[in-house]
């Protein structure tokens with residue numbers, strides 16, 4: 001089985017100024033092809049850092065994917081270091097220069113001297129086309145291993161991966177199969193889920209494993225099987241998956257790459273229900289998650305974010321007396337928000353969220369993290385109170401996940 | 001200067017099922033204390049993977065921070081591997097067990113056998129309290145180096161870092177200073193910004209460097225200075241920062257940990273302006289970014305997400321004739337959306353966004369990625385057309401960043 005190592009270059013990754021989403025995407029794509037990802041290393045953009053990282057990667061993998069340090073600016077030294085480390089010369093790559101000139105002509109802009117410098121490449125590099133930016137990718141064959149260097153800009157890296165790297169890997173590296181099957185749950189914690197399915201997990205043969213991936217109100221259960229017969233592995237994993245789902249019941253909302261948003265979309269489409277949201281503490285986050293699904297316009301009408309008391313009254317028609325008596329964060333208020341949303345947006349089903357995201361605004365009765373959720377149609381409304389923690393962003397995310405899950409279950413019950 | 005290595009354990013990180021935000025946060029916190037982050041390594045949760053990662057980390061750093069693999073479930077083997085690798089015994093830790101029992105009693109839930117297993121720790125571990133979950137952190141002193149193991153759940157890791165690890169590092173590791181100063185820009189690309197400030201960057205002394213961090217409509221310029229005299233470094237970096245900002249003008253929206261949302265909040269508060277948004281393709285994302293700022297309720301009133309044509313007419317009062325003649329994604333429509341939002345929400349300033357996020361819906365005139373933005377008050381409206389790419393999520397993010405920037409500049413001009 002072939003092994004890959006992903007090397008990401010840039011101090012911004014080490015000091016946490018940039019969240020590394022590139023390597024997650026790369027890992028996921030390699031994994032789909034049955035390439036085993038041995039390690040990911042994030043290194044400094046110094047000569048020593050890059051050399052040490054490359055040496056480690058070459059000792060661990062057959063396929064080394066490197067991102068970062070190819071931009072037009074002074075801090076980008078990756079290709080010089082590679083050339084130097086493997087004893088290659090830097091030569092001017094005319095096709096790249098012509099491509100950059102054409103690109104800028106089309107944009108009606110002029111190139112800078114830095115763009116010309118960008119066209120010098122190690123002489124043993126095979127150029128990988130990048131239609132999304134100026135720096136192309138480069139492929140090197142060294143000591144029987146394949147080393148690929150790409151820009152760190154996510155959509156440029158993805159372009160090169162999709163058009164050059166992944167097809168090359170698919171063609172040249174055949175592999176043992178790895179099958180993943182992920183069961184997505186919402187509404188219960190990791191330990192409690194693990195306890196419920198313990199008997200099944202104990203029966204797993206050695207080549208099947210499970211991982212629990214909790215995240216603010218949701219837990220993913222990832223089953224992994226390794227072996228040579230892909231179909232057999234799929235059947236085995238499927239069998240255990242069904243056993244697990246039978247026990248977990250409606251905690252399970254979907255599989256693999258589904259999301260609460262995509263599952264909600266599927267049900268709403270199927271049942272021909274138009275949906276909308278009324279949001280206070282989540283500030284539109286639930287709506288923005290719903291529209292991550294391509295084609296959401298078929299069932300998602302819109303949303304009212306009423307962050308102020310005033311708008312809860314004037315737009316959603318929440319009774320001022322309700323707000324005075326019970327407060328904006330109360331079961332009574334979210335129920336009226338649902339009714340107001342159904343009327344104002346003309347939707348079939350609405351979900352409403354009101355909570356105290358913090359860090360201020362908590363009371364003894366309703367500490368920071370208190371969130372009320374309601375979901376309903378014209379005849380029926382369900383409610384849920386959750387108690388999140390003290391961190392503002394985490395509370396908002398937690399509330400939005402729970403609200404999505406309440407909406408999902410309400411739609412399923414229609 | 002002390003060096004840290006961050007080791008993250010878990011196949012979910014390697015195969016990209018989880019985006020690693022933990023190590024970014026840890027890197028940022030260590031960096032603030034002047035600890036140099038030498039490397040980050042993501043490894044498999046196998047014995048060989050963990051041992052190889054720890055060996056590499058011990059060879060590179062004085063402080064090794066490890067996350068992951070401490071949960072109550074079967075896939076968590078970190079502490080057993082550490083004990084085995086360094087020749088320690090596993091012993092039952094009674095205080096941890098008592099804490100877990102008390103925690104579950106308070107929640108009105110019962111513990112599972114897995115929770116009891118979780119209380120076995122290597123005998124040389126110094127226990128680091130975790131009030132956010134069941135698995136405590138552990139500190140080991142090995143070969144003159146400090147090795148710390150923490151759970152991978154973000155808020156548990158953060159609790160242990162904030163309450164135990166960071167104070168310990170602050171006390172025991174004094175360091176050379178690293179100063180960062182980040183200039184935040186929006187509305188122009190990396191190369192063009194680099195070309196504008198090239199003369200200044202060429203004058204930088206050797207201990208000062210610059211990095212360009214582009215992200216969908218924004219570019220961060222991070223200046224880094226290293227040396228012993230912190231105040232001198234600050235002054236130097238400040239001097240170059242001012243020179244750069246003088247050239248870049250209103251491309252610059254803020255510094256360091258500011259965000260477009262926090263800057264918008266600051267200006268709106270200062271000018272006593274109430275703001276709202278009208279969103280189509282961004283589906284509430286701009287509003288949800290505005291409420292990431294604690295205290296946003298002082299200036300953010302709310303938002304109308306009109307994903308359907310119908311709601312653009314019924315709620316935002318967009319003329320049906322405008323939609324027919326120019327389409328939902330047009331300058332005319334977003335201008336009417338601004339007026340509708342000001343009237344409907346009773347705000348002073350509104351920003352409206354309508355675009356084709358894709359992958360479907362593009363035409364020759366308006367390909368996927370076409371976005372119209374308008375921002376205005378009762379007397380004046382500015383508009384901007386942008387052309388993003390083909391990726392749905394990226395287009396939505398790009399549109400939201402540009403909309404925030406248009407709002408920021410409009411508020412500044414009031």
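The values are calculated or read from the model by the stated rules, or taken from the named source; none is laboratory data. Predicted, not measured: the structure shown is a model, and the values here were computed from it. Note that each Cβ is placed from the backbone with ideal geometry, even for glycine, and that neighbours are counted across all protein chains shown.
Here residue B:375 meets each of (1) outside any loop (DSSP other than H, G, I, E, B); (2) closer than 26 Å to residue A:341 by Cα; (3) touching a helix residue (DSSP H, G or I) at 6+ places or on another chain (Cβ under 6 Å); (4) within 14 Å of another protein chain (Cβ to nearest Cβ) with one exception, condition (4). Scanning the range B:140-152 for residues that are in contact with a helix residue (DSSP H, G or I) (Cβ under 9 Å, 6 or more places away or on another chain) and either surrounded by fewer than 24 Cβ atoms within 10 Å (Cβ to Cβ) or away from chain A (no Cβ under 12 Å) (or both) gives B:140, B:142, B:143, B:145, B:146, B:147, B:148, B:149, B:150. Scanning the range B:110-126 for residues that are over 34 Å from the mean Cα position of the chain (by Cα) and farther than 23 Å from residue B:165 by Cα yields B:110, B:111, B:112, B:113, B:116, B:117. All conditions in (1) more than 29 Å from residue A:313 (Cα to Cα); (2) in contact (Cβ under 8 Å) with a residue 40 or more places away in the chain hold for residue B:360, with the sole exception of (2). Here is a check on your reading of the model: is residue B:91 away from chain A (no Cβ under 12 Å) and under 28 Å from residue A:4 (Cβ atoms)? In short, no.
Would you be able to say whether some residue in the range A:128-135 is away from every other protein chain (no Cβ under 14 Å) and under 27 Å from residue A:12 (Cβ atoms)? Yes, some residue in the range A:128-135 is away from every other protein chain (no Cβ under 14 Å) and under 27 Å from residue A:12 (Cβ atoms). Anything in the range B:127-143 that is touching a residue at least 40 places away in the same chain (Cβ under 8 Å) and part of a loop (DSSP other than H, G, I, E, B)? List them, or say none. Scanning the range B:127-143 gives B:134, B:135, B:136, B:143. Scanning the range A:199-209 for residues that are crowded, with 16+ Cβ neighbours inside 10 Å and within 11 Å of another protein chain (Cβ to nearest Cβ) gives A:201, A:204, A:209.
Being within 9 Å of another protein chain (Cβ to nearest Cβ) and either in contact with a helix residue (DSSP H, G or I) (Cβ under 9 Å, 6 or more places away or on another chain) or closer than 23 Å to residue A:177 by Cα (or both): is that true of residue A:9 here? Considered against the rule, which asks whether it is within 9 Å of another protein chain (Cβ to nearest Cβ) and either in contact with a helix residue (DSSP H, G or I) (Cβ under 9 Å, 6 or more places away or on another chain) or closer than 23 Å to residue A:177 by Cα (or both), residue A:9 comes out as no. With the structure loaded, tell me whether residue A:188 is modelled with pLDDT under 95, touching a helix residue (DSSP H, G or I) at 6+ places or on another chain (Cβ under 6 Å) and either closer than 30 Å to residue A:124 by Cα or assigned to a loop (DSSP other than H, G, I, E, B) (or both) or whether it fails that test. For residue A:188, the condition - modelled with pLDDT under 95, touching a helix residue (DSSP H, G or I) at 6+ places or on another chain (Cβ under 6 Å) and either closer than 30 Å to residue A:124 by Cα or assigned to a loop (DSSP other than H, G, I, E, B) (or both) - is met. Restricting attention to the range B:165-188, the residues that are surrounded by fewer than 15 Cβ atoms within 10 Å (Cβ to Cβ) and either within 17 Å of residue B:237 (Cα to Cα) or within 10 Å of another protein chain (Cβ to nearest Cβ) (or both) total 1.
Here is the figure for the range A:14-23: residues that are at the interface with another protein chain (Cβ under 7 Å from one of its Cβ atoms), in contact with a strand residue (DSSP E or B) (Cβ under 7 Å, 6 or more places away or on another chain) and either closer than 23 Å to residue A:62 by Cα or in a helix (DSSP H, G or I) (or both) total 2. Of the residues making up the range A:94-123, not one is in a helix (DSSP H, G or I), in contact with a helix residue (DSSP H, G or I) (Cβ under 6 Å, 6 or more places away or on another chain) and more than 14 Å from chain B (Cβ to nearest Cβ). Looking only at the range A:273-284, decide whether some residue is within 9 Å of chain B (Cβ to nearest Cβ), surrounded by fewer than 24 Cβ atoms within 10 Å (Cβ to Cβ) and not in a strand (DSSP E or B). Scanning the range A:273-284 turns up at least one residue that is within 9 Å of chain B (Cβ to nearest Cβ), surrounded by fewer than 24 Cβ atoms within 10 Å (Cβ to Cβ) and not in a strand (DSSP E or B). Taken together, B:208, B:244 contain a single residue that is modelled with pLDDT under 95 and closer than 30 Å to residue A:20 by Cα, which is B:208. Residues in the range A:78-88 that are crowded, with 17+ Cβ neighbours inside 10 Å and in contact with a helix residue (DSSP H, G or I) (Cβ under 8 Å, 6 or more places away or on another chain) were compared, and the one that is nearest to the other protein chains (Cβ to nearest Cβ) is A:78. Being at the interface with chain B (Cβ under 9 Å from one of its Cβ atoms) and in a loop (DSSP other than H, G, I, E, B) is the filter here; which residues of the range A:24-51 pass it? A:44, A:45, listed by residue number. Part of a helix (DSSP H, G or I), under 20 Å from residue B:385 (Cβ atoms) and within 8 Å of chain A (Cβ to nearest Cβ) - does that describe any residue in the range B:286-294? For the range B:286-294, residues part of a helix (DSSP H, G or I), under 20 Å from residue B:385 (Cβ atoms) and within 8 Å of chain A (Cβ to nearest Cβ): present.
Scanning the range B:308-349 for residues being part of a helix (DSSP H, G or I), within 32 Å of the chain's Cα centre (by Cα) and facing chain A (nearest Cβ under 9 Å) gives a total of 1. Scanning the range B:95-103 for any residue that is touching a residue at least 40 places away in the same chain (Cβ under 8 Å) and either assigned by TED's automatic domain parsing to the domain that holds residue B:31 or over 30 Å from the mean Cα position of the chain (by Cα) (or both) turns up at least one such residue. Counting just the residues of the range B:222-234 that are assigned to a strand (DSSP E or B) and under 30 Å from residue B:186 (Cβ atoms), which one comes out farthest from the other protein chains (Cβ to nearest Cβ)? Only one residue fits best here, namely B:225. Checking the stated criteria, residue A:59 turns out not to satisfy the condition of being in contact with a helix residue (DSSP H, G or I) (Cβ under 9 Å, 6 or more places away or on another chain), outside any loop (DSSP other than H, G, I, E, B) and within 12 Å of chain B (Cβ to nearest Cβ).
Evaluate the following for residue B:68: is it within 9 Å of chain A (Cβ to nearest Cβ), buried (at least 16 other Cβ atoms within 10 Å of the Cβ) and either farther than 25 Å from residue A:209 by Cα or touching a residue at least 24 places away in the same chain (Cβ under 8 Å) (or both)? Judged against the criteria, residue B:68 is not a match. Between B:305, B:263, B:237, B:219, the distinction of being assigned to a helix (DSSP H, G or I) and in contact with a helix residue (DSSP H, G or I) (Cβ under 7 Å, 6 or more places away or on another chain) belongs to B:263 only.
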